[in-house]
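What follows is a set of notes on a single structure, which appears directly below.
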Amino acid sequence: MSADTTLSPRFGEFGGRYVPETLVGAHEELEEAYSAARSDPAFGDELEGLLKHYVGRPTPLYLAERLTRECGGARIWLKREDLAHTGAHKINNAIGQALLAKRLGKPRIIAETGAGQHGVATATVCAMLGLECAVYMGSEDIRRQSLNVFRMKMLGATVIPVESGSRTLKDAINEAMRDWVTNVRTTHYLIGSAIGPHPFPTIVRDFQSVIGREARQQMLEQAGKLPDVAIACVGGGSNAIGLFHPFVDDPVRLIGVEAAGEGVGTGRHSATLVAGRPGVLHGTRTYLLQDANGQILETHSISAGLDYPGVGPEHSWLKTSERAEYVAVDDVQALEGFKALTRAEGIIPALEPSHAVYHALKVARSLDPGEDLLIGLSGRGDKDMHTVAAALGVTL
Amino acid sequence: MFERCRAAGRPAFMPYITAGYPGAAETVPLLLALEAGGADAIELGVPFSDPMADGATIQHANYVAVEQGVSFADCLGFVRTARERGLEAPVILMGYYNPLLAYGEERAPGDAAAAGADGFIVVDLPPEEAGRFLVACRGADMSFVPLVAPTTADTRIAKIAGAADAFLYCVSVLGTTGQRAALPEELPGFIGRVRGLTGLPLAVGFGIGTREHVEEVGRIADAAVIGSAIIATIDAADEAHRAQRVREFVESVTGHKQAGGDGP
C-alpha cells in the first residue's frame, strides 16, 4: 500500500479544504506554487543548501547504548531533531514554506504556535529571509513558554496573545486564520503542523519527510537494517508524519504517541486519535476531540506542543487503514521518559518527545536484543525547564 | 421576498442573531422582535466553539451559547417555537460545518425543514466539499446559500452560482464579521463583477452596521445583512428590554413602523 497522496486533497476519507470562501483562492495559489516549486531544481537546491548549512542537516542518528542496556531489549536509536537549528524539527517546514512565500511574493508571514518551537522557527527564518513576522500564541501558552516568547521577540517577530477559548494552540490557529482572512493578499499563513486545509498537510508532510528519509538511510548505514519499530509523539503530528512517511511502504511498525494529560478517562487530555471521532476543524476532516453537539473540547497536556484537539488528516488515515497504531501517555509518564533519557544519555528532551520516549522504553523491553527501535526525538528540553521544575515541586 | 422588496424600492433586510445568546429563553422573543422591526428574512446563527470567520462580537456570542450547551437540535426547536408564535419571515441557519456533521448532515436539512427553517449558510463548507449535504438540502427543499468573496475568481463565481438556488451571499470585505466605519471602496466593483456572472439575487454581509450602509448596499444589491450591530444592541440593553431594543434598532434601519406602534 502507498501513502503517497501527492497533491491529492484527501488521505482516504480525511483531509479536504473546508475554508471560508475568502481563503479558497489563496489555497489554490499555494497549491500551484508548491507544485511548481517541487519540479523546480532551483527550489530544491536552495532548500537543500539551507537545510545543510543553516539548519545543520543531516541531524545525527544516535544509538542510545545505556538506555538500551537498561531496557534489556531492542536497540534504541534516536533521530536527533533536537540538534537542528532552533532546537526542534519545526525549522524544516518553516524554511520550506518561507521559500514558498517568497515565490508567492508575499512579504508578510503569520504563524500559530503552542510550545513556541514553531513560532521560534518561523521568526528565525523570517529574520534570515527579511520577512515580516507575526506569531499568534495562546495566553496560557505564553505563560508557560516565556523563554520562547522572548526568543521570538529578539528575532524581530511580533507575538500576539490570544485570549479566546482555552487560550492554547487551537485558539491561536483560529486567530491566525482571522488574520489571514483579513490580509490574505500580502500574507502567507505558515502553518506549523501537518494540519489545516489542503494543501497544507501535504506540504508540511513533504518538508518534514527529510527526518524519515535521513533516518532510513542512517539506519541502513549504522544498523545495517531498517528499524523494526518507529515511534514519535503526535500533537498535530508533523514530526511523526515526517518520520513515518518514508517508512510507510517498509515492514516497519509505526507507533504515534499522543498526550493522555491527566488520563484519557479524566477528560483532561489531548489524545485525539485514541479517544476522538471524525469531524471538521481548521479546514480539514480528521479525528477531533468533540462533544455530542460537535463542539470542540478543551484539551490538556503538560506539553504545550501536544495540546491540540485535532490531528493531521494523514494520521487519521494511517489509523483507520491500520498502517500505524496510536497510544496515549500521560503527564506523569512523560516526566518519567524525560528523566530516563536525561539521566541515561545526557540528552534533555522536550516534553513532547518525552511522551514517545516513555512508550518506546516500554516497547523496547518487549522486543529482542536483535531488534531495532527508532525514536523521533523532535526537540530539546531547555524550553520546558520551568514546567518540569514545577511538576517536580522545585522552585527555580 | 426579493421581488416584493425590489418593488418597494428597497433592499431586503436580513438581520443575524446567534441562537442561544444571551440565553436560550431569549432566542424566540428576539426572532419575533426582528420580524416586528421589519426584517424580511432572518439569519439564525448555530453556535460553534471555533467560529474562525467571526470577529470578537459574534465570537463572544458563540462562546456564551456553547457554554450553555445550545446545540443544532436546540436551534431547530427555536425555529419551531417561533413559527408556532407566528414568525413568517424565512429563517436561514448560519454557522459552521462540524455541528451539522455531529447532528448528521444527511438528516439535518430534513429536520430543519420540518422545524420551519428555509436554508443554510455554512461558512466553512465551499460547494466542492458540500456533496452529501447539498444532496440532502435538495431532497428537503432547503436552500443552500453559498458565499462569494472579493478574492473569488470569476470562473469560480460562475461555478458557485451553479450550486445556489435562492441567492448568493457576498462577503463585502476581506476579514471577519464585525462593524466597520465605512463600506469598502471596492464593494460596488465586486458586486458589479458578481452581477455580471449570475442572475441570482445578491445579499451583502460582513461589516454592515447602519441604515446608511444598508441604503448604500441597496443601490447595488438585493439584500443587506447586519449581525454584530444586532448583537451589540442586545449587549447594550438591560435584560428586560432586549427584544424591544432590538426591534427598535431594526426599525431604525428599515424605517419600518408597525401600525399602532410607538409613534406620536
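The values are calculated or read from the model by the stated rules, or taken from the named source; none is laboratory data. For clarity, every value in this text was computed on a predicted model and none was experimentally measured. Here the Cβ positions follow ideal geometry from the backbone for every residue, glycine too, while neighbour counts run over all protein chains shown.
Listed here are the residues, each with its yes/no results for (1) buried (at least 24 other Cβ atoms within 10 Å of the Cβ); (2) within 10 Å of chain B (Cβ to nearest Cβ).
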site: A:GLN145; (1), (2): yes, no
site: A:ASN148; (1), (2): yes, no
site: A:GLY156; (1), (2): no, no
site: A:SER164; (1), (2): no, yes
site: A:THR168; (1), (2): yes, no
site: A:TRP180; (1), (2): no, yes
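Summed over the range A:255-268, the residues that are at negative phi and either buried (at least 24 other Cβ atoms within 10 Å of the Cβ) or free of Cβ contacts under 8 Å to residues at least 40 places away in the same chain (or both) give a count of 8. When A:ILE241, A:ILE173, A:ILE211 are screened for being touching a residue at least 40 places away in the same chain (Cβ under 8 Å) and over 23 Å from A:HIS359 (Cβ atoms), only A:ILE173 passes. Being modelled with pLDDT of 95 or more and within 14 Å of another protein chain (Cβ to nearest Cβ), is that true of even one residue in the range A:332-341? No.
If you check A:ALA275, A:ALA223, A:ALA271 for being crowded, with 21+ Cβ neighbours inside 10 Å, touching a residue at least 12 places away in the same chain (Cβ under 8 Å) and more than 14 Å from every other protein chain (Cβ to nearest Cβ), only one passes: A:ALA271. Scanning the range B:53-76 turns up at least one residue that is surrounded by fewer than 20 Cβ atoms within 10 Å (Cβ to Cβ), charged (D, E, K, R) and over 15 Å from B:ILE230 (Cα atoms).
Filtered by the rule that a residue be assigned to a loop (DSSP other than H, G, I, E, B), free of Cβ contacts under 8 Å to residues at least 40 places away in the same chain and within 12 Å of another protein chain (Cβ to nearest Cβ), the range B:142-163 gives B:PRO146, B:ALA149, B:THR151, B:THR152, B:ALA153. Within the range A:298-314, restricting attention to residues that are modelled with pLDDT of 95 or more and in contact with a strand residue (DSSP E or B) (Cβ under 6 Å, 6 or more places away or on another chain), the residue that is surrounded by the fewest Cβ atoms within 10 Å (Cβ to Cβ) is A:PRO309. Filtering the range A:282-299 to residues that are in contact (Cβ under 8 Å) with a residue 40 or more places away in the chain and either farther than 15 Å from A:GLY16 by Cβ or at the interface with another protein chain (Cβ under 9 Å from one of its Cβ atoms) (or both) leaves A:HIS282, A:GLY283, A:ARG285, A:ILE296, A:GLU298, A:THR299. State all residues of the range A:193-214 that are of a type in the set (Gly, Ala, Ser) and closer than 17 Å to A:HIS27 by Cβ; if no residue qualifies, say none. Those that are of a type in the set (Gly, Ala, Ser) and closer than 17 Å to A:HIS27 by Cβ: A:SER193, A:ALA194, A:GLY196. For the range A:15-71, the tally of residues that are more than 14 Å from chain B (Cβ to nearest Cβ) and on the phi > 0 side of the Ramachandran plot stands at 1.
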